[in-house]
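Here the structure comes first, spelled out in structure tokens, and everything after it is commentary.
The values are calculated or read from the model by the stated rules, or taken from the named source; none is laboratory data. This one's a predicted model, so the numbers in the text were calculated from it and none came from an experiment. In case anyone asks, the SASA skips ligands and DNA or RNA and just uses the protein heavy atoms, side chains included. Shrake-Rupley method; radii C 1.70, N 1.55, O 1.52, S 1.80 Å.
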Amino acid sequence: MIKLGQIVNVQAYKHDGTLYRQWNGAKVIHVSPDIITLFMFKTKVLDKSKQKWVIKEPIIWWMPMHEFYNTTGLVRDTGTHYYTNLASPPIYEDKTIKYIDYDLDIKHYPGTKTKVVDKLEFQENSRVMNYSQKLKDTVIATQDRLLEMIKDEQKHFSPKTVSWILDYLFENKLISKKSYAALKKIKNTKQKKG
């Protein structure tokens, strides 16, 4: 069972079982039967090409337990940069959260139009990896629902949610006073719709 405050790894796989990317050292900052929320800063990342890097800015990662997506929020003084992966619900085993990445992603950044990306990759992998029609329908329906959630600033796409998490991170000494002060000045500039 995953616990609040625990440090975990995260692994993203493709439908054929190939390990696609791994994050080492994410902190669990919220856990409920419906969602796990992680915080990453100075987290090490390794992708399938063996390229390595370290996360240098605070990232909040929401992982709904019964939904076909997960969302990261890169918190900057210009606003929260959301990146949503269409993916299987996560599982937790061996101190690692695991999920299957289903190619489609949604980018929602301050001052820009929301974009669905990697559509060709989804079409190609659907064919090559033999995604079932039910799976394809689920991914597309989730994408459509997410676009509505983003437009309406629901759940983690709400500035209030991000503000509450920033308060939590500061109170628990996960971000500095200077970072907290800068990030709390986030402009509530609405992203362009579409």
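Figures for the structure shown
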item	result
Sulfur and carbon atoms: percent of accessible area, the chain [1.4 Å]	53 percent
Greater than 26 Å apart at Cα, pairs in K27/K119; K27/K115; K27/K107; K151/K178	K27/K119; K27/K115; K151/K178
Cα radius of gyration and Dmax for the chain (Å)	16.5, 50
The chain: calculated mean residue ellipticity at 222 nm from DSSP helix runs of at least 4, using -39500 (n - 2.57)	-8000 deg cm²/dmol
Accessible area per residue in Å² at 1.4 Å probe, computed on region 1-149	51 Å²
Filter on K52/K134; K56/K136; K42/K160 - keep pairs with C-alpha separation over 32 Å	K52/K134; K56/K136
Relative contact order computed over the chain (Cα-Cα under 8 Å; 6+ residues apart), in percent	16 percent
Extension gain from V117 to K44, taking 0.36 nm per residue of separation minus the Cα-Cα distance	23.8 nm
